[in-house]
């Protein structure tokens, strides 16, 4: 069976209120627009997630809402600023053939690199800017069989290219 993992860094967040706790920062205007553009891109590529794994941070939840056009996430506090090992542990518990994972740098970018058999030849992949999205495919019966370095990159995009 082929499983698909969509690895997305949350869209651009607002720094308008410096007193706001990091966890509570919303998306800015560009971030909201980019989230919608990412959602359109996923639809054009027939990538409708069965399961959404989303950080509990407001900017991640708003990214999911913008991408999917509705709130379909069940926020996972452990994904807030999680590293690659924690992200993999959460993914291994997922269900469905296509999973959308939305989290934060540096962990999400490191996770994307770690999971790829061969990283995309894109100048922004290593930096993994806001909204960066990688689609990986895995030959596994279920998510518990997914391992680092086993994902075939099928697509990579950054919002500026949409």
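Key figures for this structure:
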read-out	value
Most to least packed among 17-24, 132-139, 92-99, 149-156 [average Cβ atoms within 10 Å]	132-139, 149-156, 92-99, 17-24
DSSP-defined antiparallel bridges as percent of all bridges, the chain, nearest 5	50
Helix-only CD estimate at 222 nm, as mean residue ellipticity for the chain, using -39500 (n - 2.57) per DSSP H run (n ≥ 4)	-8500 deg cm²/dmol
Relative contact order of the range 2-161, pairs being alpha-carbon contacts under 8 Å that are 6 or more residues apart, as %	31
Contact order normalised by residue count of the range 61-107, Cα under 8 Å, 6+ apart, percent	37
Span from the the range 1-27 Cα centroid across to the the range 89-138 one, whole angstrom	14
Degrees, to the nearest 10: 58-68 long Cα axis against longest axis of the chain	60
Theoretical gain in end-to-end length, residue 21 to residue 127 [0.36 nm per residue, Cα-Cα removed]	35.7 nm
Prolate/oblate/rounded label for the range 59-162 (Cα gyration tensor, a/c 1.5)	rounded
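Throughout, read-outs are computed from the coordinates displayed, never taken from laboratory work. Quick caveat: nothing in here was measured; it's all calculated off a predicted structure. Cβ sites come from the backbone with ideal geometry, for glycine too, and all protein chains shown count toward neighbours.
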